[in-house]
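Student: Can you keep this structure in mind? I'll have questions shortly.
The values are calculated or read from the model by the stated rules, or taken from the named source; none is laboratory data. Treat the numbers as computed from the prediction; the structure is a model and nothing was measured. Backbone-built Cβ (ideal geometry, glycine too); neighbour counts: all protein chains shown. The accessibility values were calculated without ligands, DNA or RNA, using every heavy atom of the protein model including side chains. Shrake-Rupley method; radii C 1.70, N 1.55, O 1.52, S 1.80 Å.
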Amino acid sequence: MEKIQLNNGITVILNDNKNTPRAAVTFYLCLENYEKKAGTSVILNRLFLQGTEKRSAEEIAKETEENAIELYSEIKADYLRFKGLCLNEDFDYMLELMEDVMLHSTLKDFDKEIVKLKGEIGAELDSPKTKANDTYYKTLFENHPYGNTYTKILDEIDDIKKEEVEALYKDILATSKKIISVAGDFDKEKLLSVLEKHFGKMVQNNNFKSNIPEVKLEKDKLAIVEKDDAKQAQILEGWLCPTYTDKEYATVCLMNSILGSSGLSSRLFLELREKQGLAYTVRTVFDPKAKCGTFSIYIGTEPKNIKTAIDGFKVEIEKIMTIPVGEEELNDAKNNVIGKRGFYFETNALISSVTGMYELQGLGCDYEEKFINSIRNVTSDDILNCAKKYFSQPKVLTVLAPEKFITPVKNQIL
């Protein structure tokens, strides 16, 4: 792995992976500013492949299909990411196509995409699980760009003007910090020449500073969603916690594995599913973002079990806050986390994506080895102290269920 810069200052990560037939590139644009109306960035992202100044949407689709090229984009509050994958011999051609889509999109079919997006979001929100998840994040990140969920988008999408999408597009190209991560079997000098040709005229923001505000949760919040046709209660409980760059990041990864992300061996699975039979699915999720991380517990259970399930959450949280994790359980968690990391580097597409993300977060593209060492060095006391610190902070509890099951326990569950 090698890190260099184009003449315009864009960082390029070279992952030379010999004897692999397909090459991958991930282009990150770290956002300095954020959307002012929920949904603006989503619409922008959907329009990239709808046509450029010299290609129609149909021509883009035809070219990618005929040349076995995978090209797509996604946007988050913190970054815009373009990803491409192709046969080695088509790499220059794919980069030309990526350049065209990134820099010369006409943002055609704005009105059509608005209508389509509204319909798709409406269909998604018919799912009780999606609705509960939407409510949870909107409550946790109230009045923050991270809280621009489906329902927030529906509230604001009709006020979005095409000019606002165009302005966001120009702002991203002008103010973002840009990182290109490539993985494959390539000749270094030829590769750099091709990258200079396609992206050497882009503007790199060497004084980048994110304007996305810090995240604060001042008090406990309860969000109730009454859905009388729901067959299951959907319950989410969560806290703010460290993100990638915090010293406790590795500790939270292990805590996540111990409590609920390691499947059959996790504490919540064993206690709430195997022993109490409360649910088929119970898990925890650690979701790091640029400004903070979130740690959540999820269960789908019979509505009559709402209070029992939430009490079960409390029991397991109290245990990890007060009882040191045993050596065997800690080692199992370390092996689980480290073992899963191997999947992150199985393909060139994953390698380019992961190493680029590390660089984006300020960790350095070679962060993986440092992370593994951090995992190995976490102690039982580290987990105990981390659990006390973050699980003692304000939390958000979201419950979706029929009204008749919520009313009896509403005053007892937070």
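Student: Name the residue that is modelled with the lowest pLDDT, counting only residues in the stretch 49-67 that are open to solvent by less than 50 Å² (accessible area, probe 1.4 Å) and among the hydrophobic types (A, V, I, L, M, F, W, C). Explain how you work it out, then say what you get.
Tutor: At the first step, the residues of the stretch 49-67 found to be open to solvent by less than 50 Å² (accessible area, probe 1.4 Å) are 50-52, 55-57, 60, 63-64, 67.
The next check asks that each one be among the hydrophobic types (A, V, I, L, M, F, W, C); those that pass are 57, 60.
Numbers: Ala57: 93, Ile60: 96.
Applying the filter and picking the extreme gives Ala57.
Student: Would you kindly identify the helices (runs of 4 or more DSSP H) lying entirely within the stretch 306-414 that contain at least 3 residues that are under 21 Å from Ile258 (Cα atoms), modelled with pLDDT of 95 or more and open to solvent by less than 60 Å² (accessible area, probe 1.4 Å)? Spell out how you get there, then give the answer.
Tutor: Working: elements: 306-322, 327-341, 348-360, 367-377, 380-391, 403-406.
So the answer is 306-322, 327-341, 367-377, 380-391.
Student: Anything in the stretch 217-268 that is out of contact with any Cys (no Cβ under 7 Å at 6 or more places or on another chain), over 30 Å from Phe405 (Cα atoms) and of a type outside the set (Gly, Ala, Ser)? List them, or say none.
Tutor: Here is the first cut: in the stretch 217-268, the residues out of contact with any Cys (no Cβ under 7 Å at 6 or more places or on another chain) are 217-239, 241-242, 244-247, 249-250, 253-254, 256-268.
From what's left, over 30 Å from Phe405 (Cα atoms): 241-242, 244-247, 249-250, 253-254, 257-258, 262, 265.
Listed by number, the residues that qualify are Cys241, Pro242, Tyr244, Thr245, Asp246, Lys247, Tyr249, Cys253, Leu254, Ile258.
Student: While we're here: Could you grab me the full set of residues in the stretch 205-258 that are under 23 Å from Gly362 (Cβ atoms) and more than 24 Å from the chain's Cα centre (by Cα)?
Tutor: Asn206, Asn207
Student: Oh, and also: Could you please give the count of residues in the stretch 68-87 that are assigned to a strand (DSSP E or B) and surrounded by 16 or more Cβ atoms within 10 Å (Cβ to Cβ)?
Tutor: Taking the stretch 68-87 as the starting set, the residues that turn out to be assigned to a strand (DSSP E or B) are 70-75, 79-87.
Filter again for surrounded by 16 or more Cβ atoms within 10 Å (Cβ to Cβ), leaving 71, 73, 75, 79-86.
Number satisfying all stated conditions: 11.
Student: Looking at the stretch 143-193 only, could you name the residues that are under 20 Å from Asp92 (Cβ atoms) and either open to solvent by 20 Å² or more (accessible area, probe 1.4 Å) or assigned to a helix (DSSP H, G or I) (or both)?
Tutor: Selection gives Asp185, Phe186, Asp187, Lys188, Glu189, Lys190, Leu191, Leu192, Ser193.
Student: Considering the stretch 202-216 alone, what residues qualify as being over 30 Å from Leu140 (Cα atoms) and out of contact with any helix residue (DSSP H, G or I) (no Cβ under 9 Å at 6 or more places or on another chain)?
Tutor: The first filter runs over the stretch 202-216 and keeps only residues over 30 Å from Leu140 (Cα atoms), leaving 202-207.
If the condition is that a residue be over 30 Å from Leu140 (Cα atoms) and out of contact with any helix residue (DSSP H, G or I) (no Cβ under 9 Å at 6 or more places or on another chain), then Gln204, Asn206, Asn207 are the ones that fit.
Student: Continuing with this model, one more query. Do we have Thr64 as assigned to a helix (DSSP H, G or I), over 20 Å from the mean Cα position of the chain (by Cα) and of a type in the set (Val, Ile, Thr) here?
Tutor: It is true that Thr64 is assigned to a helix (DSSP H, G or I), over 20 Å from the mean Cα position of the chain (by Cα) and of a type in the set (Val, Ile, Thr).
Student: Further question on the same structure: Residues of the stretch 2-21 being out of contact with any helix residue (DSSP H, G or I) (no Cβ under 7 Å at 6 or more places or on another chain) and surrounded by 15 or more Cβ atoms within 10 Å (Cβ to Cβ), which ones? Lay out the reasoning, then the answer.
Tutor: First, the residues of the stretch 2-21 that are out of contact with any helix residue (DSSP H, G or I) (no Cβ under 7 Å at 6 or more places or on another chain): 2-5, 8-9, 16, 18-19.
Of everything in the stretch 2-21, those that are out of contact with any helix residue (DSSP H, G or I) (no Cβ under 7 Å at 6 or more places or on another chain) and surrounded by 15 or more Cβ atoms within 10 Å (Cβ to Cβ) turn out to be Lys3, Asp16.
Student: On to the next question. So Leu44 passes all but one of these: (1) open to solvent by 10 Å² or more (accessible area, probe 1.4 Å); (2) closer than 21 Å to Thr175 by Cβ. Which condition number does it fail?
Tutor: Result: Leu44 fails condition (1) only.
Student: Same structure again: His198 passes all but one of (1) at pLDDT 95 or above; (2) more than 23 Å from Thr355 (Cα to Cα); (3) open to solvent by less than 40 Å² (accessible area, probe 1.4 Å); (4) of a type outside the set (A, V, I, L, M, F, W, C); which number fails?
Tutor: (2)
Student: Something else about it: Considering only residues that are assigned to a helix (DSSP H, G or I) and surrounded by fewer than 23 Cβ atoms within 10 Å (Cβ to Cβ), which ones fall in the stretch 232-251?
Tutor: Tyr249 - this is the single residue of the stretch 232-251 that is assigned to a helix (DSSP H, G or I) and surrounded by fewer than 23 Cβ atoms within 10 Å (Cβ to Cβ).
Student: Name the pairs whose Cβ atoms lie under 7 Å apart, with the first residue in the stretch 182-201 and over 15 Å from Lys3 (Cβ atoms), the second surrounded by 15 or more Cβ atoms within 10 Å (Cβ to Cβ) and among the polar types (S, T, N, Q), and 6 or more positions between them or separate chains?
Tutor: Gly184/Asn17; Gly184/Thr20; Gly184/Asn348; Asp185/Asn17; Asp185/Thr20
Student: State which residue is least open to solvent (accessible area, probe 1.4 Å) when the search covers only the stretch 88-130 and only residues that are of a type in the set (A, V, I, L, M, F, W, C) and outside any helix (DSSP H, G or I). Working first, answer last.
Tutor: Residues of the stretch 88-130 that are of a type in the set (A, V, I, L, M, F, W, C), as a first pass: 91, 94-95, 97-98, 101-103, 107, 110, 114-115, 117, 121, 123, 125.
Checking the rest, the ones that are also outside any helix (DSSP H, G or I) come to 107, 125.
Details: Leu107: 5, Leu125: 25 Å².
The extreme case among them is Leu107.
Student: Against the definition (under 28 Å from Phe405 (Cβ atoms) and not β-branched (Val, Ile, Thr)), how does Glu271 come out, yes or no?
Tutor: Details: under 28 Å from Phe405 (Cβ atoms): yes; not β-branched (Val, Ile, Thr): yes.
Yes.
Student: Just to be sure I understand the filter: pairs with C-beta atoms under 7 Å, separated by 6 or more residues or on different chains, first member in the stretch 102-131 and polar (S, T, N, Q), second member assigned to a loop (DSSP other than H, G, I, E, B). Which pairs pass?
Tutor: Note: pairs meeting the criteria are Thr106/Glu53.
Student: Still on this structure: Give all pairs with beta carbons closer than 7 Å in which a residue from the stretch 85-96 that is within 14 Å of Lys188 (Cα to Cα) meets a residue that is open to solvent by 30 Å² or more (accessible area, probe 1.4 Å); count only pairs at least 6 apart in sequence or on separate chains.
Tutor: Asn88/Pro21; Asn88/Arg22; Asn88/Asp185
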